[in-house]
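Here's the structure, in structure tokens; my notes come after.
The values are calculated or read from the model by the stated rules, or taken from the named source; none is laboratory data. A quick note: this is a predicted structure, and the numbers were derived from the prediction, not measured. Positions of Cβ are generated from backbone atoms using ideal geometry, with glycine treated the same way; all protein chains shown enter the neighbour counts. When the accessible area is computed, the model is the full protein with side chains, heavy atoms only, and any ligands, DNA or RNA have been set aside. Shrake-Rupley method; radii C 1.70, N 1.55, O 1.52, S 1.80 Å.
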Amino acid sequence: MITLRKPKIVILGAGYGGLMTATRLQKAVGMNEVEIQLVNKNDYHYETTWLHEASAGTLHHDRVRYDISSVIDRNKVEFIQGTVVEVNRDEKKVILEEGELPYDYLVVAVGGESETFGIKGLKEYAFSIVNVNSARQIRDHIEYQFATYQAEEDKKEERLTIVVGGAGFTGIEFLGELGNRVPELCKEYDIDPHKVKIICVEAAPTVLPGFDPELVNYAVAQLEKKGVTFMIGTAVKEATETGIIVGKGEDEVEEIKAGTVVWAAGVRGNAIVEKSGFEAMRGRVKVQPDLRAPGHDDVFIIGDSSLVINEEINRPYPPTAQIAMQQGVTVAHNILALIRGKELETFVPDIKGTVCSLGHDDAIGVAFGKKMTGSTASFMKKVIDNRSLFMVGGPSLVLKKGKFNIF
Ligand code: FAD
Ligand code: NAD
């Protein structure tokens, strides 16, 4: 009797893209049709899009994560907790810190990394909002600075200065949370709020470059009311043990002494991608329309490690959870199409809008072509957050982890 080996699909990363691929596949495959392995560093998934809240301490880190096992069907998907080191494309296997995994079809969905552009001192002295561990560290570090300021004899006011590098969506959302958290910390540690400085340094001539100017003005005004000072058209040049060096040009350089520096000035693809020999731009692979890596029939790359061009403006789509999840749906379809000998589909992003929170009760955004601010936009943000839970884990995950503090 001949037994045919089942095709083996390996998915690397259980973030938005990877988990969406796995949950779509498990719904679509027959019981013994394929073998699926999902690999992730931790046994939990975290909502990267909520990490600014955990980092500021406005949401507990356990609220932003859930067990991967709670959303996968173990009869169809095997979860492997492991750390990917690289992909050996010639031998069609994944090298993990813990061993090796052969594959027939591979989905690389390991997310992105903070982009430091080689700026001196950032890796050593600045924090980045990238995962649950870094969020916990930022929250605890800020709290430590407040507690230490109050406990020490020679009060160093720079302990109460928080600098955020970059006023893109991550920087602005984090500032919104800080604006709510700082008054709580001041109360807890008996500190005069006027002593606290929250400074945002942005290299471009505006906050949220490229976003609707009316909404940007609203965001800036709201954040300034919460105590944020913006330094626009000013680049971060170096991070040091005592703060940060910024400048408008080569000559105009200034040092800001700060107890906390959070670097939020962009992402690049995961280093695994380049280490594995894929041709990449800032760690992101310009994928084919069917999301396969060029020159590979069996490797799909999605999420923050992939690059998809928006043909209308001939520029890459910004890496977002929205796109990563949609790519997950397409990849699940395309892998099954390959296995079943059907047509592969082209990935076409369906951008429903962008909403940027300014704390739990305020936001700005454009959704379905409509501009919104304040509680309406904030409500929309929570709907989006809950929708992404729903798409992966259905109503039970929304009930367990959803955001219902609507007003
Ligand atoms: P991720 O969701 O980051 O998942 C990657 C997974 O791979 C993780 O589980 C990680 O543990 C795992 N992994 C990484 N390395 C390894 C390894 N070596 N071995 C094993 N596992 C590994 N986008 C939006 O659309 N809307 C938003 O509102 C929004 N808000 C954001 C707010 C913040 C604070 C940040 C930082 C980003 C936000 N984004 C938002 C962007 C969005 O979070 C990312 O684009 C999205 O997470 C990318 O999804 P992904 O699947 O590529 O990676
Ligand atoms: P980004 O690239 O969108 O913004 C980075 C900002 O940092 C830019 O404004 C840039 O001008 C600035 N910058 C770069 N170098 C600098 C320097 N040396 N000094 C000072 N400023 C500097 O990056 P991000 O905000 O981290 O976002 C990453 C991705 O995640 C984006 O695709 C974004 O759309 C997405 N995201 C979306 C949301 C949302 O939809 N609500 C929230 C967060 C992140």
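Spin-label pair Gln150-Thr229: with each label point 7 Å from Cα along the Cα-Cβ axis, the two points sit 2.4 nm from one another.
Quick one: net charge around Ala167, please, counting Lys, Arg +1 and Asp, Glu -1 for every other residue with C-beta under 13 Å from its C-beta. Numbers along the way, then the final one.
Details: positive: none; negative: Glu173, Glu202, Glu224.
Spelling it out: positives minus negatives among the neighbours equals -3.
Counting only DSSP beta bridges with both residues in region 222-368, the antiparallel share comes to about 90 percent.
Rounded to the nearest 5, what % of DSSP beta bridges with both residues in region 122-265 are antiparallel?
If I count the DSSP bridges inside region 122-265, around 40 percent turn out antiparallel.
Close amide-amide hydrogen proximity is noted between Phe127 and Val261, Val262, Trp263, each under 5 Å apart and 5 or more residues distant or on a separate chain (H modeled in the peptide plane; Pro and chain starts excluded).
Can you give the extra length, in nm with one decimal, that the chain gains between Ser396 and Asn217 once fully stretched, where that is 0.36 nm per residue apart less the Cα-Cα distance?
Difference between extended and current length: 60.6 nm.
The relative contact order of the chain comes to 17 percent, based on Cα pairs under 8 Å that sit 6 or more residues apart.
In this structure, the pairs whose alpha-carbon distance is over 19 Å, taken from Lys156/Lys237; Lys197/Lys225; Lys225/Lys401; Lys92/Lys275; Lys187/Lys382, are Lys156/Lys237; Lys225/Lys401; Lys187/Lys382.
Would you mind classifying region 148-252 by shape? Square roots of the alpha carbon gyration tensor eigenvalues, ordered a ≥ b ≥ c; an a/c under 1.5 is rounded, otherwise it is prolate if a/b is larger than b/c and oblate if not. Walk me through the numbers on the way to the answer.
Details: a/c = 2.82, a/b = 1.36, b/c = 2.08.
Since a/c reaches 1.5 but b/c is at least a/b, the shape of region 148-252 is classed as oblate.
Just subtract the alpha-carbon distance of Val383 and Glu143 from 0.36 nm times their residue separation and send over the number in nm, one decimal. Intermediate results must be reported in sequence, preceding the final value.
On the way: separation 240, 0.36 × 240 = 86.40 nm, distance 3.04 nm.
Additional length available on full extension: 83.4 nm.
Annotation for region 1-70 versus region 271-345: alpha-carbon center distance of 17 Å. Spin-label model, Tyr189 to Glu311: label points 7 Å out along the Cα-to-beta-carbon direction sit 5.4 nm apart. As a calculated quantity, the FRET efficiency between Glu100 and Thr242 at R0 = 56 Å, using C-beta atoms, amounts to about 0.80.
In the chain, the alpha-carbon atoms span a convex hull of 154 Å³ per residue. Farthest towards the positive end of the charge dipole of the chain, among the residues Val87, Ser134, His194, is the Cα of Val87, using unit charges on the Cβ of Lys, Arg, Asp and Glu. Annotation note: chymotrypsin sites (Phe, Trp or Tyr not before Pro) in region 77-184 located in DSSP loop regions with a Cβ neighbour count of at most 13 within 10 Å are Phe117. Full extension of the chain between Arg63 and Phe368 gives 107.0 nm of extra length, using 0.36 nm per residue less the Cα-Cα distance. For the chain, the share of accessible area belonging to carbon and sulfur comes to 51 percent (1.4 Å probe, ligands and nucleic acids excluded). With all protein chains kept in place, the per residue accessible area of the chain amounts to 47 square angstrom at a probe of 1.4 angstrom.
Run the dipole for the chain about the Cα centre, Lys and Arg Cβ at +1, Asp and Glu Cβ at -1, nothing else charged, and hand back the magnitude in debye, nearest 20. Intermediate results must be reported in sequence, preceding the final value.
Numbers: 47 positive and 57 negative charges, 264 e Å.
Rounded to the nearest 20 debye, it is 1260 debye.
Looking at the chain, the DSSP beta bridges with both ends there are about 50 percent antiparallel.
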